[in-house]
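Engineer: Quick one: the structure is below, and I'll ask about it shortly.
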Amino acid sequence: MNVATTMDEEVVVFCPKCKTFETVWLTKGVIVRTQKFTQEDDRIFHDCGSNEACRLLRRFAS
Ligand SMILES: [Zn+2]
């Protein structure tokens, strides 16, 4: 799954290296309001130094 979207949405980012879960917002596919993650194109990397892109898990809050 990539982050390309036309909507603002809340997603859970999971770092495969340090097993961190973090809730972040995406605006039009761009990660917002975080200093813990770096976005490169459609991939997001945690600042723990992981070389493996984080996984994005959509939340379906109702
Ligand atoms: Zn990490």
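Every number in this text was worked out from the coordinates using simple rules, so none of it is lab data. Everything numeric in this text was worked out from a predicted model, so none of it was measured. Cβ placement follows ideal geometry from the backbone for every residue including glycine, while neighbour counts extend to all protein chains displayed.
Engineer: Please enumerate, by chain and number, the aspartates and glutamates with C-alpha under 17 Å from the C-alpha of LYS28, excluding those fewer than 8 residues away in the same chain.
Structural biologist: ASP8, GLU9, GLU10, GLU40, ASP41, ASP42
Engineer: Quote the relative contact order of segment 9-58 in percent (integer), defining contacts as alpha-carbon pairs under 8 Å separated by 6+ residues.
Structural biologist: 40 percent
Engineer: Additional query: As an exercise, find the ratio Rg/Rh for segment 9-58 from alpha-carbon atoms, using the Kirkwood inverse-distance average for Rh.
Structural biologist: 0.90
Engineer: Sticking with the crude label model, points 7 Å out along Cα→Cβ, report the distance from THR34 to SER50 in nm, one decimal please.
Structural biologist: Distance between label points: 0.9 nm.
Engineer: Between ARG43 and LYS19, what is the label-point separation in nm under the 7 Å Cα-to-beta-carbon projection?
Structural biologist: Simple spin-label model gives 2.3 nm for this pair.
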